[in-house]
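Read through the structure below, which is laid out as structure tokens, and then see the notes.
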Amino acid sequence: MQTSDAIPVDYLTTLSAQVLSRTGYPDFPESIQKLPGDLIVVLSEGDFISFAARSPAGGKVLIGIKSYHRYPLTLPNVTRNLIAHELGHAIGLGHNADPTMLMCGRPAPCRPDAFQSDTERFFPLTDQEKARLVHMYPTNWPSR
Ligand SMILES: [Zn+2]
């Protein structure tokens, strides 16, 4: 489902900082809780570090994507991989330290600008991440 409901940039900016600091955060406000679905992807005009945040009470995951008018989302091939990276968090993946991989991130020095490419492509998952997903979602994968 797509909605044009607005989530204030100030809220996204604060939540981004809280996710990044790993200090925890209060549960999502009622305005977000009432939105249908378990995964909410917010395409914002704001300028914050994009993030995925799981509701402390469980259930919903909120992905905040900063404005695509702002660096580094202005670089070719970055936005698609940034969104895929945050979706990876939403389904349970953490970070690795390999800059050639989709889920590279803190504390490794990987930042979204590393997704820049002149050819449109998604950065891959590691074999370990794929195995983890198969383990977490065993019935959702086709058997071979
Ligand atoms: Zn990340």
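A few remarks follow.
- Subset of the stretch 7-34 (residues that are open to solvent by 70 Å² or more (accessible area, probe 1.4 Å), under 18 Å from GLY46 (Cβ atoms) and part of a loop (DSSP other than H, G, I, E, B)): PRO8
- One residue stands out in the stretch 83-108 among those that are of a type in the set (Gly, Ala, Ser) and either within 19 Å of ARG54 (Cβ to Cβ) or touching a helix residue (DSSP H, G or I) at 6+ places or on another chain (Cβ under 7 Å) (or both): the one that is nearest to the ligand (Cβ to nearest atom), namely GLY105.
- Members of the stretch 35-61 that are over 11 Å from the mean Cα position of the chain (by Cα) and open to solvent by less than 60 Å² (accessible area, probe 1.4 Å): LEU35, GLY37, SER44, GLY46, PHE48, SER55, GLY58, GLY59, LYS60
- Pairing residues of the stretch 96-108 that are open to solvent by less than 40 Å² (accessible area, probe 1.4 Å) and in a loop (DSSP other than H, G, I, E, B) with residues that are modelled with pLDDT of 95 or more and of a type in the set (Phe, Trp, Tyr), at Cβ distances under 7 Å and at least 6 apart in sequence or on separate chains, gives MET101/PHE123; LEU102/PHE122; LEU102/PHE123.
- Scanning the stretch 110-131 for residues that are basic (Lys, Arg) and under 16 Å from ARG80 (Cα atoms) returns ARG111, ARG121.
- Among the residues listed as ASP98, ASP113, the single one being over 19 Å from LYS66 (Cα atoms), of a type outside the set (Gly, Ala, Ser) and over 11 Å from the mean Cα position of the chain (by Cα): ASP98
- Only one of GLY64, GLY88 that is small (Gly, Ala, Ser), in contact with a Phe, Trp or Tyr (Cβ under 7 Å, 6 or more places away or on another chain), buried (at least 19 other Cβ atoms within 10 Å of the Cβ) and touching a residue at least 40 places away in the same chain (Cβ under 8 Å): GLY64
- Which listed residue, of SER44, SER55, SER31, is more than 16 Å from the ligand (Cβ to nearest atom) and touching an Asp or Glu at 6+ places or on another chain (Cβ under 7 Å): SER55
- Selection of the stretch 11-45 for residues being free of Cβ contacts under 8 Å to residues at least 24 places away in the same chain and among the small types (Gly, Ala, Ser) yields only SER21.
- Set side by side, the residues ARG70, ARG132, ARG80 differ, and just one is part of a loop (DSSP other than H, G, I, E, B) and either within 16 Å of the ligand (Cβ to nearest atom) or not acidic (Asp, Glu) (or both), which is ARG70.
The values are calculated or read from the model by the stated rules, or taken from the named source; none is laboratory data. What you are looking at is a predicted structure, and each value in this text was computed from that prediction instead of being measured. Quick reminder, even Gly has a Cβ in these numbers, built from the backbone with ideal geometry, and neighbours come from all protein chains shown. Calculation scope for accessible area: heavy atoms of the full protein, side chains included, ligands and nucleic acids excluded. Shrake-Rupley method; radii C 1.70, N 1.55, O 1.52, S 1.80 Å.
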